[in-house]
Amino acid sequence: MILIYIILGIIQGFTEPIPVSSSGHLVIFKNIFDVKALNDLNFEIFANFGSFIAIVIIFRKEIYNLIKDFFLYIKTKNQEYKSGFRYCLLIVVGTIPAGIVGLLANDFIEENLSHVKYVGIALLVTALFLFLIRKLKGHKKDDEITFVDAIKIGLFQVVALLPGISRSGATLVGGMFSGLTRETAFKYSFMLYMPISLATMLLGIKDISETGIDSNLLISYIIGMFCACIVTYFATKWFKGIMLGGKLIYFVYYCLLAGFLVIVFL
């Protein structure tokens, strides 16, 4: 049993930060393998928390500086901290669209749009948009992101609520279409990930408190969570090199192949 959760933790950890959709791959694996753990929502919460911790570790300096600047600007109104304060507001604005739609339509999406064929189509859509931005470089740095850009990227994140549409892929596409540099788009994409992921986990913890956890599975959950954390850490570092090197075409090929295979055989 532990081995199954280790494998699922590795899959979660690898697919979470790269533009191939972790939720879509979960649907695919559910259709290929008859494994009870694939329907274990409690484990999903643990695995997502592992990925969240890895992202926080990677961006720990940026997160610390943004939080510091946010509160120091409120306290002192010193222009030295205004840039960080403004970036925090950009994160809030970019998070609002997905937050609202997620609260209102998440149950509908899970019940009606989680069919494996839809995931296959979504992977093809992901491939198309990654293809369109593969050579874009952009020019806007962190302090040049506008609130219109944030809303636009936030709307792309709404689309990523659909299984098979990658969250990181959608926000990167939105960022590149908005003229952000690759590095700026990469950072902003993962900054948007954190509040959405945190909110999802808090809702999940509420569900766990109501339903409880099978004590026989707790060790498996924790081991799977650590696997997800470790793999997410290295996968994110690896993906950053791919992104900044302008080699998104690799993910275009993968999403095309995976999408067609899912549509034809599942």
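Restricting attention to the stretch 69-100, the residues that are among the basic types (Lys, Arg) and either more than 24 Å from residue 154 (Cα to Cα) or not in a helix (DSSP H, G or I) (or both) add up to 2. Return the residues of the stretch 106-120 that are free of Cβ contacts under 8 Å to residues at least 12 places away in the same chain and either surrounded by 19 or more Cβ atoms within 10 Å (Cβ to Cβ) or of a type in the set (Phe, Trp, Tyr) (or both); say none if nothing qualifies. Of everything in the stretch 106-120, just one residue is free of Cβ contacts under 8 Å to residues at least 12 places away in the same chain and either surrounded by 19 or more Cβ atoms within 10 Å (Cβ to Cβ) or of a type in the set (Phe, Trp, Tyr) (or both), namely 108.
Between 198, 180, 192, 203, the distinction of being touching a Ser or Thr at 6+ places or on another chain (Cβ under 7 Å) and within 24 Å of residue 92 (Cβ to Cβ) belongs to 192 only.
When residue 103 is tested against (1) of a type outside the set (Phe, Trp, Tyr); (2) outside any helix (DSSP H, G or I); (3) surrounded by fewer than 14 Cβ atoms within 10 Å (Cβ to Cβ), only condition (2) is not met.
You will find that of 119, 93, the residue that is within 21 Å of the chain's Cα centre (by Cα) and farther than 23 Å from residue 184 by Cα is 119 and no other. Considering only the stretch 121-134, I want to know if a residue exists there that is touching a helix residue (DSSP H, G or I) at 6+ places or on another chain (Cβ under 8 Å), under 27 Å from residue 49 (Cα atoms) and surrounded by fewer than 22 Cβ atoms within 10 Å (Cβ to Cβ). Looking through the stretch 121-134, none of the residues is touching a helix residue (DSSP H, G or I) at 6+ places or on another chain (Cβ under 8 Å), under 27 Å from residue 49 (Cα atoms) and surrounded by fewer than 22 Cβ atoms within 10 Å (Cβ to Cβ). Only one entry in 206, 187 is of a type in the set (Lys, Arg) and under 20 Å from residue 21 (Cα atoms), namely 187. The numbered conditions (1) without any contact (Cβ under 8 Å) to a residue 24 or more places away in the chain; (2) more than 22 Å from residue 30 (Cβ to Cβ) are all true for residue 153 except (1). Here's a check for you: in the stretch 41-90, which residue that is within 21 Å of the chain's Cα centre (by Cα) and among the small types (Gly, Ala, Ser) is farthest from residue 188 (Cα to Cα)? That would be 47.
In this structure, residue 259 qualifies as in contact with a helix residue (DSSP H, G or I) (Cβ under 7 Å, 6 or more places away or on another chain), at pLDDT below 95 and either within 24 Å of residue 131 (Cα to Cα) or not in a helix (DSSP H, G or I) (or both).
Yes/no matrix, rows are residues, columns are (1) touching a strand residue (DSSP E or B) at 6+ places or on another chain (Cβ under 8 Å); (2) touching a residue at least 12 places away in the same chain (Cβ under 8 Å); (3) aliphatic (A, V, I, L, M):
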residue: 4; (1), (2), (3): no, yes, yes
residue: 7; (1), (2), (3): no, no, yes
residue: 12; (1), (2), (3): no, yes, no
residue: 19; (1), (2), (3): no, yes, no
residue: 52; (1), (2), (3): no, yes, no
residue: 64; (1), (2), (3): no, no, no
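Report yes if residue 132 is part of a helix (DSSP H, G or I) and in contact (Cβ under 8 Å) with a residue 24 or more places away in the chain, otherwise no. Taking the combined requirement at face value, the residue satisfies it.
The values are calculated or read from the model by the stated rules, or taken from the named source; none is laboratory data. No experiment lies behind these values; they were computed from the predicted model shown. Here Cβ is always computed from backbone atoms with ideal geometry, including for glycine, and neighbour counts include all displayed protein chains.
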